[in-house]
Amino acid sequence: MEDIRAMLEKMGREIDIKLTGEQLEKFQRYMELLLEWNERLNLTAITEPEQVAEKHFIDSLTVLNACSIKPGAKVLDVGTGAGFPGIPMKLVRPDLELTLLDGANKRLKFLEELCRELGISCARVHKRAEEAGRDNGMREAFDIVTARAVAGLSILSEYCIPLLKMKGYFVAMKGPGATEEIDEAKQAIHTLGGGQLEVKSITLPMAGERNLVVVRKLRYTPKEYPRHGGTIAKHPL
């Protein structure tokens with residue numbers, strides 16, 4: 001298996017994140033387990049080590065620079081899949097209290113094994129995002145809610161903003177074309193309690209343009225949201 005540690009260290013410096021030897025070791029092991037389990041679970045279409053390093057690990061770490069994340073912040077990764085962006089964030093910021101949310105139990109089994117191998121602790125929750133948003137233990141409980149490649153921004157806002165504490169940050173990871181999605185989602189974001197909105201753009205050598213849409217929650221989410229999943233998808237706000 002190709003060693004990605006030197007490559008990751010260099011890429012990390014380029015986004016102002018210094019990775020320690022121990023962290024690089026864990027990222028190497030993360031890649032090995034991801035590709036090993038991928039043969040059974042189809043966790044990712046990206047299997048070239050260099051691309052895993054950039055398009056999964058470095059891309060995930062850009063969230064750490066998107067907004068102010070206080071020590072010990074409660075972070076929720078919605079639709080986490082193979083653990084992106086949550087687990088790379090946790091490897092660099094072990095103080096974060098991370099919860100991984102996914103609707104597929106088989107992916108959570110992989111994440112359980114992964115966390116054990118990497119020596120990190122996080123909660124794993126088998127729920128759909130709209131179910132979590134109506135759960136009293138999870139609704140408005142997180143400082144940071146993030147998601148990558150889950151849905152369009154209008155739909156994603158209804159999944160994620162109800163889970164945010166007041167003054168918390170929703171960070172949506174998007175590729176090119178984020179401006180159009182933002183224009184379509186402004187009403188939804190306002191309705192759900194979102195206020196200030198920023199877009200932070202970066203360009204990665206292989207992944208190209210990446211946009212982090214950062215929304216700060218300034219009002220409580222009305223109790224009728226989130227709606228049921230089918231309604232959210234068919235009739236976005």
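The values are calculated or read from the model by the stated rules, or taken from the named source; none is laboratory data. Predicted model only: the values in this text are computed from it and were never measured. Virtual Cβ from ideal backbone geometry, glycine too; neighbours counted across all protein chains shown. For accessibility, only protein heavy atoms count, side chains too; no ligands or nucleic acids. Shrake-Rupley method; radii C 1.70, N 1.55, O 1.52, S 1.80 Å.
Structure notes:
- Solvent-accessible area per residue in region 128-185 equals 36 Å², computed with a 1.4 angstrom probe and all protein chains kept.
- Only the Cβ atoms of Lys and Arg (+1) and of Asp and Glu (-1) were treated as charged; on that basis the dipole of the chain about its Cα centre amounts to roughly 940 debye.
- Pairs from 26/200; 26/234; 55/127; 200/223 whose Cα-Cα separation, in the structure shown, is over 32 Å: 26/234
- Charge tally for residue 4 (other residues, Cβ to Cβ under 13 Å; Lys, Arg +1; Asp, Glu -1): -3.
- Cross-link partners of residue 167 among lysines (Cα-Cα below 16 Å; sequence separation of 8 or more within a chain): 70, 74, 217
- Calculated Cα extents along the principal axes in Å (choose from (i) 56, 44, 33; (ii) 53, 34, 30; (iii) 49, 33, 33), label: (iii)
- Since only 37, 19, 7 are under comparison, the one whose Cα sits farthest along the positive direction of the charge dipole of region 1-41, derived from C-beta charges on Lys, Arg, Asp and Glu, is 19.
- Computed with a 1.4 Å probe over protein heavy atoms only, the accessible surface of region 23-65 comes to 40 Å² per residue.
- Span from the region 137-196 Cα centroid across to the region 90-136 one, whole angstrom: 19 Å
- Gyration tensor over alpha-carbon atoms, region 103-193, equivalent ellipsoid semi-axes in Å: 26, 16, 12
- Share antiparallel - DSSP beta bridges, the chain, percent rounded to 5: 45 percent
- Value at 222 nm in deg cm²/dmol, rounded to 500, when DSSP H runs of n ≥ 4 in the chain each add -39,500 (n - 2.57): -10500 deg cm²/dmol
- Accessible-area composition of the chain, carbon plus sulfur, in percent [1.4 Å probe]: 47 percent
- In sequence order, calculated HN-Hα J values of region 155-170 (Karplus, 6.51, -1.76, 1.60; Hz; x Gly/Pro): 5, 4, 4, 6, 5, 9, 4, x, 8, 7, 5, 4, 6, x, 10, 9
- For region 225-235, putting each phi into the Karplus relation 6.51 cos²θ - 1.76 cosθ + 1.60 with θ = phi - 60° gives couplings of 10, x, 7, 5, x, x, 5, 4, 6, 7, 10 Hz, in residue order, rounded to whole numbers and with x for Gly and Pro.
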